[in-house]
Structure formats: structure tokens, C-alpha cells
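The next block holds one structure in the form of C-alpha cells; read it before the comments.
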Amino acid sequence: MPVQSSGRISRLLTGWESLPGPLGQRLAAALADLVEQGDVRGGDRLPSERALASALCVSRGTVTDAYNRLRGDGWIESRTGSGSYVATGRALDEAGALAEARLSSFEGRAARRCHDLSSGAPGGLDLVSEHSARVLGSDRLFRLMSGDGYEPAGLAELRDALATYYADLGVPTREEELLVTSGSQQALNLIAGTFVNPGDVVLVEDPSYRGALDVFRAHGARLVPVPVDIEGPDVEVLGRLVRRLRPRAVYLLPVAHNPTGYVISERRAAAVSDVLAGTETLLVEDGSPADLLLRDERPPPPLGRDLPAEQWVAIGSASKLFWGGLRVGWIRSGAPALATLGRAKAVADLSTSLLGQLLTASCLAEVDEARRRRRHQLSAGYDLAAQVLGATAPEWSWRRPAGGSGLWVRLPGTDTVAFGQHARRHGVLVVPGPVFSPVDGFRDYLRIPFWKDPAELEVDLRQLTELWQAALYPIRSDRPMNRTAVNPRRRGSQKTR
Ligand SMILES: Cc1ncc(COP(=O)(O)O)c(C=O)c1O
């Protein structure tokens with residue numbers, strides 16, 4: 001029977017702290033909800049009391065109390081010496097992969113007033129509002145509105161603009177090689193649904209984009225991690241795994257990697273191509289954040305450009321450069337694969353919003369200007385974040401990213417899963433490192449976005465570091481457990497655990 005990790009349970013338990021009653025009762029109610037919703041299944045083993053207490057940053061007594069309540073109400077059963085199991089009579093028992101819930105930080109955000117450092121997707125560029133007035137008043141929109149509004153493959157003018165976008169990056173592209181999707185999240189889902197069967201090995205960077213980890217797992221993939229450094233994925237490990245495991249696919253984020261912000265070096269890009277050449281491993285290249293560059297003016301040419309068409313699928317998005325609310329992404333691939341993907345896209349949602357597509361096509365005419373504005377915004381955001389964190393949490397460390405909208409920060413001696421729960425209970429939302437890892441690694445890392453309005457960013461960061469400075473064991477193991485803390489602020493923050 002599956003063992004539920006404390007990390008997954010902690011990700012699923014969003015908002016449990018604001019339920020009524022004592023902590024143990026709130027936790028029991030939230031866990032019972034997970035059983036009822038099918039997020040954990042009959043026979044699953046729950047984390048040990050100690051592991052869950054540490055992941056949620058509560059006392060072990062709170063978890064004991066919650067488990068006792070659940071046991072009393074028949075939700076869970078204990079087996080002597082081997083832990084607590086979800087009772088089979090109370091839970092759903094369906095086959096299939098359980099959601100990994102790595103995107104759960106997006107749930108319920110609107111309802112809370114908080115310092116939100118949980119999303120790496122920057123707010124809309126002012127260019128989008130400039131173009132929207134033009135698009136809304138255009139004859140083209142007026143003419144489109146006389147039709148039914150469904151375009152499963154995407155509007156011709158957007159695919160044309162995307163063909164130019166790729167040509168400018170050194171990859172000549174025809175309209176038939178492009179499929180418009182509802183965000184690149186849908187692109188990932190269509191690709192996994194088309195190419196990945198349950199049990200297939202998919203290599204992913206560690207860390208990587210959390211939404212992709214969720215998608216591949218949801219399609220039953222076996223995720224195998226490849227380490228990354230500031231130049232890109234470790235090609236030695238990649239080569240060994242490709243030769244030994246013959247993976248179905250490798251998913252890479254070579255430019256403005258999420259969450260580390262690396263931009264692949266020319267040398268490393270050539271080495272990755274060499275590793276994949278002549279194999280049957282599909283390269284899924286996610287270029288969604290590739291236009292968020294702090295150093296260079298435009299992204300380097302895509303990695304897969306020298307691979308045979310059937311071995312390369314590139315995806316992209318309007319979300320990072322322009323705005324996530326457009327919900328426009330795309331897939332670039334060989335025409336035969338695209339036909340299958342197109343059919344899957346029609347089944348998924350018939351068509352992506354034509355308004356969003358028109359607006360994206362219009363904005364793409366100014367892609368270099370958009371990149372310039374983002375570079376300014378993000379460079380200023382980085383400088384501010386580096387200055388605030390350097391002054392308020394000098395123990396934290398990170399490398400200046402070459403792209404992206406966030407810092408990948410190491411907090412020495414800190415259990416960031418526990419700290420994330422603690423911070424949320426104090427009104428700060430932040431995503432801990434393990435959420436970005438296929439093996440729940442990077443337990444002492446946080447991803448900290450720096451794209452927000454400067455005044456708000458500074459307040460949020462100060463709030464975050466203040467909480468960390470006040471945190472005690474078990475959040476920070478460099479702080480001995482101190483039951484007689486004299487600093488009243490520290491004692492205050494401990495009380496609420
Ligand atoms: C690397 C990466 N790929 C894909 C996505 C999905 O974005 P969207 O569906 O908005 O295009 C994101 C969003 O954060 C991302 O960071």
C-alpha cells in the first residue's frame with residue numbers, strides 16, 4: 001500500500017490552520033477532508049506523527065490528538081508497530097495516479113490577505129494594456145465575432161507571429177508546426193498525454209518546474225532526477241541515464257530555468273544535443289520563461305534545433321513575458337506529432353480564447369521591447385531583493401540568476417517545509433524547495449520571487465526574514481531547542497505552532 005509522504009500531505013493541507021477549534025481538531029478535520037476527496041486512499045499509510053508534526057511545524061501532541069480523533073471517528077486504523085492507515089471503508093479506492101499537489105499554493109490565495117511570495121509568474125506588462133485597447137476596437141475582432149469563435153489549432157496571425165519569433169531565434173518554423181494552447185501548462189499536459197505511458201521513464205532536472213512534475217506524474221511517468229548547476233543540466237549524469245534507462249523523454253528548461261534562473265551555456269547546450277543525438281529519447285524543451293532575461297537581450301537558440309523533428313517538442317508561453325491571465329501558450333513540433341496533439345487539444349477545450357490570441361499576436365510585434373521592459377523590472381527587483389535579504393538574513397545564500405523572476409535561496413539549517421507552514425500561519429506565503437524536486441530534495445531551499453512592486457516586495461521580504469530570524473527549533477536546527485527563550489517576540493512566534 002502506498003506510503004503518503006509528509007511533504008505531499010503538507011502541500012495538500014492548504015488553509016487547515018484557519019478552520020475552527022483547537023489545532024488537533026482542525027488538523028483532523030482537514031485530514032478527513034483529504035480522505036473524503038480521494039487525495040489519500042483506503043489502505044494508504046499516513047506519515048508518522050513525528051514526520052507530520054515536523055512538516056507542519058506543530059507539536060507532536062497536535063498530530064497525536066488529530067490521529068486519535070480520526071481513529072475515534074473511524075477514518076484511520078492503527079496497526080501495532082507499523083503506523084496509521086486510512087480505513088478502507090471510508091475512502092475512495094480508485095486506481096490511477098494521485099495528484100502530487102505541487103501547484104496547491106495557487107489555491108485559496110484570493111481569499112486571504114497576506115504577503116504573497118508564492119508565485120514566480122510576474123504581473124502583466126503594461127504593454128498588454130496598451131495593446132488591448134487597440135485589439136478591442138479592431139476590425140479583425142469584429143469580423144471574427146461573426147464566426148463561432150473556435151480555432152483548435154490557433155489563429156493564423158498568432159501562429160504567423162510565433163513562426164517569426166522562432167525564426168528570429170534561429171529556427172525557421174512553418175505555421176503547420178505550431179499549435180496554440182491554453183497556457184503552456186496545457187501544452188505540457190497534452191504532450192505527456194500523447195507521448196508518455198504509465199511506467200515510462202522521464203528525466204527531469206532537479207530542481208525543476210513544479211507544474212511539469214505534477215503533469216508527468218499524473219500520467220504515470222517514473223521521474224528520474226538530473227542535477228543542475230549554473231551552466232545547465234549535468235551532462236555526465238544525463239548521458240549515463242539516457243544510455244542506461246533509454247527514457248521516453250527528457251524535460252528541460254534551458255533558459256531562465258525555474259527555479260534556479262540558470263541560462264544554459266553554449267558548451268553545455270552542445271553537450272546535451274550530443275547526448276540525445278541518435279537516441280529515441282524525446283526532448284521536451286520548455287521555453288516558457290525564456291524571455292525573462294536579466295543579462296542578455298534575447299534568448300539563445302533553442303536546444304533541440306539540430307535534433308530530428310520527431311525527437312523535439314518545444315513549448316512556450318505568453319504568460320511570463322506578457323501576462324499569465326492571457327492563458328496563451330504553444331507547442332512547436334514536427335507536423336505529424338502536431339496533428340495528434342491538435343486532436344487532443346480539441347478534446348481538452350475546443351479552442352483557446354481568441355481575444356487572448358489576438359492580444360498575444362499584437363504584443364509579439366514588440367517582443368524586443370517587452371524583453372527590455374522585463375529586464376529593467378526584474379533587474380531592479382533582483383537588486384532590491386538582494387539588498388533586503390543581504391541586510392536582514394545575511395546567512396541566506398543564492399547565486400545571481402541570469403534569468404527568471406525568482407531567487408533560489410539556501411537557508412542553512414532550516415527545514416523549509418516546516419518554515420513554509422509556520423510562515424503561512426503568520427500571513428506569509430512562500431514555496432519550499434522540495435516542491436520543485438522530483439525526489440522532495442532541497443529541503444533547506446526556498447524559491448523567492450522578486451518581480452513584485454518594490455514597496456510591496458520589500459515589506460513581504462522583511463516580514464519573511466523577520467519570521468525566520470525569530471524561528472526556533474525544529475524549523476532551524478542551527479538554533480538549539482530553547483524552552484526558556486527570553487526574547488518575547490520569539491516566544492510569541494513559538495506559541496502559535
Ligand atoms: C517553466 C514553466 N512552464 C510552464 C508554466 C505554465 O505557465 P502557463 O500555463 O501560464 O503558460 C510555468 C508557469 O509558471 C513555468 O514556470
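The values are calculated or read from the model by the stated rules, or taken from the named source; none is laboratory data. Model, not experiment: these values are computed from the prediction. Note that each Cβ is placed from the backbone with ideal geometry, even for glycine, and that neighbours are counted across all protein chains shown. When the accessible area is computed, the model is the full protein with side chains, heavy atoms only, and any ligands, DNA or RNA have been set aside. Shrake-Rupley method; radii C 1.70, N 1.55, O 1.52, S 1.80 Å.
In terms of overall dimensions, the C-alpha atoms belonging to the chain reach 66, 52, 50 Å along their principal axes, ordered largest to smallest. Using the Cβ-Cβ distance between GLU395 and VAL459 with R0 set to 22 Å, the FRET efficiency from 1/(1 + (r/R0)^6) comes to roughly 0.55.
Could the peptides 266-274, 41-49 be put in order, highest first, of the mean number of other beta-carbon atoms found within 10 Å of their residues?
On the way: 266-274: 17.0, 41-49: 18.9.
Averaged packing, sorted descending, gives the order 41-49, 266-274.
Computed from phi, the 3J(HN,Hα) profile of segment 366-372 under the Karplus parametrisation 6.51, -1.76, 1.60 (θ = phi - 60°) reads 10, 4, 5, 5, 5, 4, 5 Hz, with x in place of Gly and Pro. For the chain, carbon and sulfur atoms together expose 52% of the accessible surface, with a 1.4 angstrom probe and every protein chain in place.
For THR173, the residues whose amide H sits under 5 Å from its own are ALA167, ignoring neighbours fewer than 5 places away on the same chain, with H placed 1.01 Å from N.
Quick one: accessible area per residue over the chain, 1.4 Å probe, rounded to a whole number of Å²? If you can, show how the numbers build up before the last one.
On the way: 20800 Å² over 497 residues.
Roughly 42 Å² per residue, with all protein chains present.
Residue ranking by accessible heavy-atom surface, 1.4 Å probe, largest first, among TYR150, TYR165 comes out as TYR150, TYR165. Protection proxy ranking, highest mean first, for peptides 245-255, 298-308: 245-255, 298-308, where packing is the per-residue count of other beta-carbon atoms within 10 Å, averaged.
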